[in-house]
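Beneath this line is the structure, given in structure tokens, with notes to follow.
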Amino acid sequence: MHPVGLRIEHPQELINRIQYAELASEVCHGRGKVPVADYKLANYIDKGDFNEPSDSMVENRSCYSFCMCPGGQVVLTSTSPSEICINGMSFSRRASRWANAALVVSVTKNDFEALNYFGPLAGVEFQREFERRAATMGGGNFVVPVQTVPDFLENKLSVTSVPPSSYRLGVKASNLHQLFPTHIIEALKHSLVTFDKELPGFICNEALLHGVETRTSSPIQIPRDADSYESTSVNGLYPVGEGAGYAGGIISAAVDGMHAGFAVAKKFNLFHGDVKSILGKAHNDGLV
């Protein structure tokens with residue numbers, strides 16, 4: 001499942017208060033005894049939770065935070081002015097006044113095919129579709145379309161100015177409902193309300209959504225043998241990690257590399273044990 005969505009940004013002090021309450025005053029940008037606050041959120045959405053269950057594209061989906069960056073900055077990852085894609089980073093001392101994270105929704109090949117994208121590169125074209133839309137909404141020059149969370153939930157754009165953003169190339173107030181199909185928007189809205197119950201204050205006027213986050217994991221997967229980890233089409237090639245479609249982050253990529261390393265060692269009689277007994281079962285079907 002290749003997720004797509006938005007990146008949300010809050011004042012770091014707000015996240016500190018939500019997570020630490022009265023201890024928030026003890027946070028000192030990575031130098032104090034209380035670390036800068038972060039969060040991890042996940043929400044499983046049954047298709048019955050959608051406002052339009054009759055929509056043929058409504059499926060059970062998951063929405064979750066990804067790559068949460070306390071004390072950080074929203075950054076550009078696009079390589080073409082005609083496409084906008086963003087990510088996040090934390091500074092080494094986590095001293096920025098902002099906290100950001102991706103909020104992404106799982107998608108499947110059914111979503112690709114609904115936009116007439118087929119074949120092994122359908123996921124690539126799918127993500128480019130939304131990156132092009134975001135670039136158009138931003139007006140060019142890598143300006144990012146943004147919307148406050150309350151406006152996003154109400155599907156309106158009530159202000160021409162927006163809260164400050166850490167993104168340095170400029171932002172433009174936009175209606176982000178125009179970016180994604182309805183079922184993805186509904187999943188994001190449903191999850192934001194759920195996340196606010198877990199972290200009261202998560203929905204606020206200072207919370208700013210940025211479009212788009214589309215490259216959390218590879219949209220393609222290079223087939224490999226489930227036991228040997230070797231490519232099914234090229235002898236001696238071992239597809240591993242994020243780029244090959246078998247991980248969705250630093251840790252999962254490292255673990256996948258360890259699995260492949262043991263498999264190679266076993267092929268050359270350098271290891272005779274059971275890899276699964278050491279590392280567990282690998283996700284050969286890709287990131288879920």
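Table for the structure above
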quantity	calculated
Residue among 120, 150, 163 with the largest mean-square fluctuation in a Gaussian network model of the chain, springs linking Cα atoms under 10 Å	120
Farthest positive-ward along region 83-158 dipole, Cα basis, beta-carbon charges - from 126, 141, 110	141
Whole-percent carbon and sulfur share, accessible surface of the chain, 1.4 Å	54 percent
Furthest towards positive pole of dipole, 36, 80, 162, structure part region 2-213, Cβ charges	36
GNM result for the chain, Cα springs below 10 Å: residue of 218, 158, 25 fluctuating most strongly	25
125, 26, ranked by accessible area, largest first (probe 1.4 Å)	26, 125
Amide H contacts under 5 Å for residue 173, placed H, 5+ residues apart	146
Calculated Cα Rg over 2.2 N^0.38 Å (choose from [x] 1.66; [y] 1.08; [z] 2.21), label	[y]
HN-Hα J in Hz across region 199-208 - Karplus 6.51, -1.76, 1.60, θ = phi - 60°, x for Gly and Pro	10, x, x, 4, 8, 7, 5, 7, 6, 10
In sequence order, calculated HN-Hα J values of region 210-218 (Karplus, 6.51, -1.76, 1.60; Hz; x Gly/Pro)	10, x, 10, 10, 10, 10, 6, 8, 5
Fraction of beta bridges assigned by DSSP in the chain that are antiparallel (%, nearest 5)	90 percent
Total charge dipole magnitude, region 132-190, about the Cα centre, Cβ charges on Lys, Arg, Asp, Glu only, Debye to nearest 20	220 debye
Dipole magnitude (debye, nearest 20) for the chain, charges at Cβ of Lys, Arg, Asp, Glu	840 debye
Of 269, 254, 235, farthest towards positive along the dipole that unit charges on Lys, Arg, Asp, Glu beta carbons give region 222-283	269
Built amide H within the under 5 Å cut-off of residue 78, gap 5+	85
Most to least accessible of 132, 17 (protein chains only, probe 1.4 Å)	17, 132
Accessible area of the chain divided out per residue, in Å², using a probe of 1.4 angstrom	49 Å²
Long-range HN-HN contacts of residue 246 with modeled amide H, under 5 Å	241
Residue-by-residue Karplus 3J(HN,Hα) for region 85-90, coefficients 6.51, -1.76, 1.60, Hz, glycine and proline x	9, 10, 8, x, 8, 10
Nearest-20 debye value, region 222-283 charge dipole, Cβ charges on Lys, Arg, Asp, Glu	100 debye
Charge context of residue 239, other residues only, Cβ under 11 angstrom, K/R +1, D/E -1	-3
Summed residue charge, Cβ within 13 Å of residue 167's Cβ, Lys/Arg positive, Asp/Glu negative	+1
Neighbourhood charge, 9 Å Cβ-Cβ cut-off, centred on residue 115 and excluding it, Lys, Arg +1 and Asp, Glu -1	-4
Label point distance in nm, residue 169-residue 26, each placed 7 Å from Cα along Cα→Cβ	4.1 nm
Pairwise Lys count, the chain - Cα closer than 14 Å, eight or more residues apart or different chains	5
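The values are calculated or read from the model by the stated rules, or taken from the named source; none is laboratory data. Nothing here was measured: the structure is a model prediction, and the numbers come from that model. Cβ coordinates were reconstructed from backbone atoms using ideal geometry, including for glycine residues, and neighbour counts include every protein chain displayed. Quick note on the areas: whole protein, heavy atoms, side chains included, nothing else; ligands and nucleic acids left out. Shrake-Rupley method; radii C 1.70, N 1.55, O 1.52, S 1.80 Å.
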